[in-house]
Amino acid sequence: MWKPTLSLLALLCLLQTTFALHESDAGVVDWHKPLIGVPLTGSLATAPVFHRVGSHDPNGTTQSVILTATASNVLGALEPASGNLTWRHIYEPEDPVILFRAREDIVVSLSGPGGSTFRSFDALTGQLISEKRLHRPDTGRLFEPANLGSHVAFPALKDDTGRKSTDVFVLTNGCELRRIDAMTGEVKWTWSATEEQKSFIVFSRVVSTPSAVYAIGLTKTPKSYMPRIEAISPTTGEVLASADLPGNIQNGLAEFMVISDSTDDKISPLVIWLESGTMKTAALQPSLKGKVLSARGAVYKSIKDVGLSDRGLFVALQSDDSARIIKIDDNGPGVKSIHDFADSATSTGYTESMFAGGLDKSGYPYVGRFFWSHNVGQAAAHVYSPHLVEGRGMVTGYTFSFDTNLHGTIEHVALDTANPKQYTVLARLFLTTSTGAVQLWQHDRIQWTREESLSEIKAAEFVELPERKAVVGVHAEEHETFGARLIRQLADGKEFPTYAVNFAKRFATGSYASVTNSAVTSANSTDQLYRDTFGFRKIIVAATSRGKIYGINSSNGAIIWSRILGLGWANEVGGRHQPVKVYVTKTVSDGDTPQVVLLTQRLASNGLVDTVIFHINALTGDDIRKPSSSGPLEGFDFVESEIVDAFLLQSDNRTVVAIDTHLQVHLYPNTEHSRREFSKVARKIHFPLRANGRLLGHQVLPTPEVTDKFTAYATWASNFPPQEQIVAVIPNTLGPVASLGKVLGNRTTLYKYLNPHLIAVGTISPSTTPPVCGVYLLDGAKGTILYHANVPAAGGVCDVMATLTENWLVYVYYDDEIVGLHESKGQRAVSVELYEGYQVNDKTKSSDTSIYSNKTSEVSFYEQSYILPYAVTAMSTTSTKFGISVKDIILTNRRNQIHSIPRRVLDPRRPKRKPTAEEQEEWLFQYEPLLPDDPRRVVSHNYRVAKVEKIITSPAFLESTSLIFAYGLDLFSTRVAPSNTFDVLSENFNKAQLVLTVSALAIAIIITKPMVSRKRLRERWYAS
Amino acid sequence: MSTKLDYASIDNPKWRNLPPPPGFASSSSTTRTTSRPPASASASYAALKERRAWDQAIAPAKALPMQAFMLYMSGGGVQIFSMGIVFVLLLAPFRNTAGMNKAFAPFAPTKSDANALSTLPLQKLVYILCNILTLGLGLWKCRQMGLLPTGTGDWLAFETRGVAPEILLR
């Protein structure tokens, strides 16, 4: 009895060792798109800049990177030539990056509240050089904007002794200035404002000169702000002098800036501000004895820092918005106007201008003005080069064809320039668009585009591709005559010779489709819109929070189509779309082009919220309702308010059902057919809704109200303890169930509890001490609690991850409670299985029992907890076409890996002793608390798949294989075969040998057959 | 060609009228040709036939211990060897029963129809019972090997479930 089982086990072990992803498969079966996120363009401290390393190098070899901080809390560097990610540093969510600055090969960043953490990186490799906590994050002052009280200034590159200096002056928290060595993180000295000053002065700028470091802040007075300056010794940190300037600034930082010229030591830094339109300047001397001067002659509306404040350049806008470049000057009031941008006043012909400063290889500054011209329908760039034409300056202007239909509007421009010839200025522009794309333009030609909004996917779904028909138009008409059919079939037969040739070729060369081959076809070929042999190629339809929807080829991550979501009437006032759900409403099996419905909440800037539906052809991105229209997709205002929840009615028509706040039911498509279909099942429909931390079960009234809409009413409320709040509702994953039960070793059966209404609910009870999290399994149609567990809430938060499929619940939590001596803190995974009845062979037919039957609560469960060696950020199960393959748990950990944990390991019925023969027959093996961190189980190879928020899975055409798509910051997709690819011939199957053996045998038979018959005949004659 | 003792024609063998081989005394043959066998001899033939019939009837039972030993030796796994033995065990009773009349025909009493079911009824009944024993052993082995669909698990694949009467939207 046990011998064969053992051999089976041995075989299984062999299979297990062959499971791991082979290195040769990496990049073939999977793809990974590292992203940095959408650049934070709101402030110069975080906006993208070109940074050139080596410009101070006499040899003249320089290398550029584009540095930016992003909305995904990443500091990243892109390669300007290719757009590839050079490096990135991902900050923790509680440590938002608020500022970065680069000089030469060092990038320094401040992150956390008030700039609590200082980091320095190598600008070209991204290696973290040093990290220093400057103040406790909880003592950080929260400013609006977050980087108000933080600034970084670099001293002269070489100090007096000619040694290269790596020090930086770091102003944090609006009151503390430090001199820090960026290579070591060592703090040379600290200056801090007095406690009294802290309450009304916020220091926001640092300027470094060889003789003094100036911390410049604004003092809050009852009516306005007043500049405050501290001159501090750069070597010791002692205060040399302090001064309040007699200023009267109304708008804070928008009318105030500090400029200096780091290339000329003789020019002292200037504090500049606007006082009722007049520009006031004050030169900074170590003694702070300078006078406040006025630059007369012009009235300015605002002044703009273009990133060249340390090169003495900025842009001032006059009252009609016409822009003027102003330069620091050591004569007169300290500033002089050097150029007025022509036609920059407000006009209907073009949009408001954006300004950016850039440097060329030799370090000369340039100022660019960028706008969208309505007249020519193109974006325009005017780049002013102050040093050219013997210092008289030169403007280079051109337009470039930015595609607004694809990328929205330009939000930010970073400028890099080259001056290859005397009167030629070449500009490289790094654009950030409103749809979250970043682009590099070299003069008027686009070099590359990165769709960084894919780091903010809110809803995604796999869509199956249609099969390429060998014969087109086979849809036979109902009343086809015999003759017509004969002719059609004969016509179809003309394909036969090619088919036969192909077959012979395939047979001879053995070039069949292989499961380990990539499902990628050449780009732009129409093949990518057709299914491959095994259905590994699908379209991932992903909607992002930046108002764009993408169709992504699941085999290589290429974007097949992308569309902007139009705002409808809110176009006038502005607004944005928040995608709620994507539903596949028509699949290939419906015999139509696959279609998806995207449900979004449109948050208009005037505060109105609408629910909008986009009905899209999943293959092309075209609008189904208005196929011909180009440009942004125009949605359909589905509900003129928020919706509470939306569902897909799994019927022939696949109707989208949305419930608004008045519990009215909205249907899409709202046709007579779908209404009739809905009213037919309305009586049977149940759904739970979350309300005030509770779960309320609802039903629909069988007949429409006066408003012609169906209305829902509450039927039950969750009876959790009163202090418990619901934090998550996890529905059971839909999918075919291949087996209704689990057969035990003695051939009795545990019938799976397959209640289709099962939902998992996560709760928190914050008021209890210590706070606990609850994990419940509910009958979602009537609210019965079937399973309940309390787990500790580490740090008062419930980030319990759970996934529920069939009768199997797996949840992961962090256990910080140590009760006994032998316990330890750590991640726990709990596996729970529910079975019908109370013992083996009990059968309640839970999958088709009415909710009004008492039998639905007859359930027994097995559970087992395991120790996970890593923290989990997202979790899902594999899904296959018929549900025959076992289901693996796919999870991502904090180390940016994606694991697949086999179901066998998580089986809650694993015995806690040596398994008996019967248990071995079930392939159960002894329980071990620790789930080993098996590198062979990492499906993400050695990619760092950062910040995965969600994993979706989808069946391939092969039963054994499941497709996985993980999104968050990065995108990653692969395919896994939890039960190995049992439905395809093994790769190393020797086809040649088989063919040779068969043909050798055939030849042998042909040769020996006459020999044998001759022998027989002879035997008859000469029989003894 | 196998040699078999022909009990059915023991009373009147077909070789009786052959001439004796050369060198054999013809004296005995003269007495034998005329005289009929004595009644006692005929009775002992009948008893012999009956005994042989009983032997045949319980032969399957006698083989049981040996078969059980072989089953034990063949192990519990589903392998070619054990499966072969089990197949023999399962098929033999049916084959035996089917060929029962033929098997008992040599032992049939002189006057009865040798191939009729009603001859030697007791022996045939016992023979059937013994074959059932063999079958039972075979089935027991099948069960031990888990080849009999006796558990609910064996019928799970044929179970079906309908559609749930209520719909939960999600």
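A short reminder: the numbers here are calculations on the coordinates, not readings from a lab. Bear in mind that the values here come from a model prediction, so they are computed numbers and not experimental data. Ideal geometry is used to build each Cβ from the backbone, glycine not excepted, and the neighbour counts take in all protein chains shown.
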Stretch gain in nm, segment A:Asn251-A:Ser24, where the contour uses 0.36 nm per residue and the Cα spacing is subtracted: 75.7 nm
Descending Cα extents along the principal axes, segment A:645-717, whole Å: 36, 26, 19
Debye intensity ratio I(q)/I(0), log10, segment A:332-442, q values 0.18 Å⁻¹ (C-alpha model): -0.92
Among A:Ser385, A:His407, A:Thr348 the positive-end extreme of the charge dipole of segment A:308-420 (Cβ point charges): A:Ser385
Calculated Rg and Dmax of segment A:720-794 using C-alpha coordinates, Å: 15.8, 49
Segment A:631-760: radius of gyration and largest Cα-Cα distance (Dmax), Å: 18.4, 65
Relative contact order (percent, whole number), segment B:59-149, Cα cutoff 8 Å, 6+ residue spacing: 40 percent
Convex hull (Cα only) mean projected area of segment A:87-170, reported in nm² to one decimal: 5.8 nm²
Label-to-label distance, nm, for residues given as A:Arg141 and A:Val501 (7 Å Cα→Cβ offset): 8.1 nm
Helix-derived mean residue ellipticity, 222 nm - over the protein assembly as shown, DSSP H n ≥ 4, -39500 (n - 2.57), to 500: -5000 deg cm²/dmol
Ratio Rg/Rh [Cα only; Rh per Kirkwood] for segment B:59-149: 1.09
Rough spin-label spacing in nm, given labels placed 7 Å along Cα→Cβ, for B:Arg143 and A:Arg468: 5.9 nm
Euclidean distance of C-alpha centroids, segment B:55-109 and segment A:968-1024, integer Å: 37 Å
Efficiency of FRET from Cβ geometry, A:Asp330 and A:Leu128, R₀ 45 Å, rounded to 0.05: 0.65
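Note the full-extension length gain between A:Phe861 and A:Asn517 as 0.36 nm times their separation in residues minus their Cα-Cα distance, in nm to one decimal. Mind showing how you got there, number by number?
Details: separation 344, 0.36 × 344 = 123.84 nm, distance 4.17 nm.
119.7 nm is the gain from fully extending A:Phe861 to A:Asn517.
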Separation in nanometres of the label points that stand 7 Å from Cα toward Cβ, at A:Tyr530 and A:Arg485: 2.7 nm
Fraction of the pair-distance distribution of segment A:530-595 above 14 Å, Cα-Cα pairs, percent: 67 percent
Over chain A, relative contact order from alpha-carbon pairs under 8 Å, at least 6 apart, %: 7 percent
Kirkwood Rh, angstrom, the protein assembly as shown [1 / mean 1/r, Cα pairs]: 37.6 Å
Partners for A:Lys494 among lysines (Cα-Cα distance below 22 Å; same-chain residues under 8 apart left out): A:Lys469, A:Lys505
Value of relative contact order over segment A:800-916, rounded to a whole percent, pairs C-alpha under 8 Å and six or more apart: 21 percent
Local net charge near A:Thr953, Cβ-Cβ under 10 Å (Lys/Arg +1, Asp/Glu -1): +1
Cα extents of segment A:282-325 along the three principal axes, largest first (Å): 38, 24, 11
Across A:Lys289/A:Lys336; A:Lys752/A:Lys845; A:Lys158/A:Lys266, pairs whose alpha-carbon gap is larger than 18 Å: A:Lys289/A:Lys336
Rounded FRET efficiency, nearest 0.05, which uses the C-beta distance separating B:Leu91 from B:Asp55 and R0 of 25 Å: 0.65
